[in-house]
Amino acid sequence: MSIIFSGIQPSGNLTLGNYLGALRNFSKIQAGNECYYCVVNQHAITVPQDPKMLHERTRQLAAIYIASGLDPEQSTLFVQSEVPEHVQLGWIMTTLSYVGELERMTQYKDKASKRGDSIPAGLLTYPPLMAADILLYQTNYVPVGDDQKQHLEITRNLAQRFNRVYGDVFTIPDIYLGHDGTRVMSLQEPTKKMSKSDDNTTATIYLLDNPKDIEKKIKRAQTDSENSVHYDVEQKPGISNLIEILSAMTDQTHDEITAAYADKGYGAFKKDVADAVISTLEPIQQRYQQLVGDPELDDILEKGAAKAHAKANVTYDKVCHAMGLYRK
Ligand code: AQP
């Protein structure tokens with residue numbers, strides 16, 4: 001049995017990228033493992049959030065977790081701000097981090113570059129908080145998308161740095177990438193990842209999009225003038241992205257997809273990609289609608305927070321003792 005931890009920020013409406021890169025793996029690996037899945041709302045505030053929206057999205061994200069297959073009986077589902085050890089250990093991890101290594105994080109550089117001179121310090125210190133999230137549970141595997149590899153690497157470095165100085169407190173976690181690390185790209189700028197905070201909503205498929213919108217967005221996705229369906233990320237990033245999506249949805253290989261569309265044009269291919277996305281999302285959307293207003297969701301989150309707190313506190317206590325952060 002392994003310990004699994006992962007989280008998603010309630011920083012916008014969830015995307016197909018969040019689903020294929022992270023969410024669907026959460027439920028795949030829950031059986032037989034000890035899993036902790038978190039709505040990381042304190043990560044979301046590293047950029048400004050509207051309080052009412054943040055509150056609503058926190059609940060919506062918890063409902064989406066369950067709608068996409070997470071079983072709250074098997075997995076512990078909770079909200080980050082309800083387990084104070086996350087920020088407590090996050091501060092300790094910040095003190096172990098070097099400004100240089102944090103400044104080298106791609107996500108920091110991308111997000112900071114959009115903020116002019118007013119870069120929130122929390123954007124820089126996001127990785128030590130993420131390290132704390134993971135290390136508190138003595139996590140073995142972290143199911144995240146391929147874009148989070150760098151953050152996982154810094155988490156491992158911080159854990160090793162701590163263990164070297166203060167003794168073996170933390171398990172060193174490994175990344176868990178499903179389906180060869182699917183990275184879903186923007187439908188309009190296919191060299192950039194699909195993101196929930198992208199202002200261009202036509203570039204993004206949201207998990208709660210209706211079938212018509214999904215079809216429209218995929219139909220208008222950026223491609224090229226070659227009209228030949230084959231995988232080539234450099235020359236054909238748009239078509240390669242759609243192949244990747246279809247492959248993740250149907251478990252066909254890139255070669256199988258290329259062969260199936262050898263004598264068909266982009267129109268037929270895009271229609272099939274849209275159908276595959278719609279049929280995958282429809283049952284998730286139906287389940288989500290039943291769950292989001294259900295008071296049982298609050299019970300699940302309260303129980304989850306209590307369970308997570310009990311586990312996190314054991315590690316945090318060890319950390320404080322190892323560092324001399326105690327009185328008696
Ligand atoms: N395009 C993507 N392809 C594959 N996986 C992805 N993930 C995100 N986008 C893609 C994975 O989803 C999880 C969610 O992580 P997050 O919410 O903590 O933040 P993120 O990675 O920064 O996701 P977004 O959608 O891009 O959010 P914003 O726009 O708020 O920054 C992670 O496991 C991630 O790998």
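The values are calculated or read from the model by the stated rules, or taken from the named source; none is laboratory data. Given the structure is predicted, the values throughout are model-derived calculations rather than measurements. In this analysis, Cβ positions are derived from the backbone assuming ideal geometry, glycine residues included, and neighbour counts consider all displayed protein chains. Areas reflect the complete protein model, heavy atoms only, side chains present, ligands, DNA and RNA absent. Shrake-Rupley method; radii C 1.70, N 1.55, O 1.52, S 1.80 Å.
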Next on the checklist: Checking the structure you have, find out if any residue of segment 35-53 is more than 21 Å from residue 198 (Cβ to Cβ), near the ligand (Cβ under 9 Å from one of its atoms) and not in a loop (DSSP other than H, G, I, E, B).
Outcome noted: no
Checklist entry - With 177, 246, 207 as the choices, which residue is under 18 Å from the mean Cα position of the chain (by Cα) and at pLDDT 95 or above? => result 207
Item to check | Filtered residues of segment 1-34 (kept if within 14 Å of the ligand (Cβ to nearest atom), part of a strand (DSSP E or B) and out of contact with any Lys or Arg (no Cβ under 8 Å at 6 or more places or on another chain)) | outcome: 4, 5, 6, 7, 8
Checklist entry - Mind checking whether some residue in segment 56-73 is modelled with pLDDT of 95 or more, more than 25 Å from residue 299 (Cα to Cα) and in a helix (DSSP H, G or I)? => result no
Checklist entry - Would you pick out the residues in segment 158-194 that are without any contact (Cβ under 8 Å) to a residue 60 or more places away in the chain, away from the ligand (no atom under 13 Å from the Cβ) and open to solvent by 60 Å² or more (accessible area, probe 1.4 Å)? => result 160, 164, 165, 168, 174
